[in-house]
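Scroll down for the structure; my scribbles are underneath it.
The values are calculated or read from the model by the stated rules, or taken from the named source; none is laboratory data. Note that the structure is a prediction, hence the values are computed from the model and not measured. No Cβ is skipped: glycine too gets one built from the backbone with ideal geometry, and neighbour counts run over all protein chains shown.
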Amino acid sequence: MIIDIILDRKDGINYKAKNLYNYAMGCQDVAGATNIADSLDNGTDKQVKKALCHYIIDNDYDIDICKYINSVNWL
């Protein structure tokens, strides 16, 4: 799940944007996954953060995760 990639990175596990992109492309039925993949492929870091936070909100995860998302670079 995309949330696992986000939380794993928060916990210090190695992060690669390509892995997040590939995962988002593979789960396009998940709310927000398409927007995440599109922003990783064609957008800015700010757009990626926005897409990730929308994913958090749309899937009813803890909104505090957005603080972490906005504190690091995703591209």
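Of note:
- Cβ-Cβ distances below 6 Å connect the following pairs, each with a first residue in segment 31-47 that is among the acidic types (Asp, Glu), a second residue that is surrounded by fewer than 17 Cβ atoms within 10 Å (Cβ to Cβ), and a separation of six or more residues or different chains: ASP45/ASN73; ASP45/LEU75.
- Answer residue from segment 4-35, given it is β-branched (Val, Ile, Thr) and modelled with pLDDT of 95 or more and is surrounded by the fewest Cβ atoms within 10 Å (Cβ to Cβ) among those: ILE13
- Which numbered condition GLY12 fails, given (1) outside any helix (DSSP H, G or I); (2) in contact with a helix residue (DSSP H, G or I) (Cβ under 9 Å, 6 or more places away or on another chain); (3) among the small types (Gly, Ala, Ser): (2)
- All positions within segment 36-68 that are more than 12 Å from MET1 (Cα to Cα) and either surrounded by 20 or more Cβ atoms within 10 Å (Cβ to Cβ) or in contact with a strand residue (DSSP E or B) (Cβ under 6 Å, 6 or more places away or on another chain) (or both): ILE36, ALA37, SER39, LEU40, VAL48, LYS49, ALA51, LEU52
- Some residue of segment 7-21 being under 9 Å from the mean Cα position of the chain (by Cα) and farther than 14 Å from LEU75 by Cα: no
- Every residue from segment 15-31 that is in a loop (DSSP other than H, G, I, E, B) and over 16 Å from ASN70 (Cβ atoms): LYS16, CYS27, GLN28, ASP29, VAL30, ALA31
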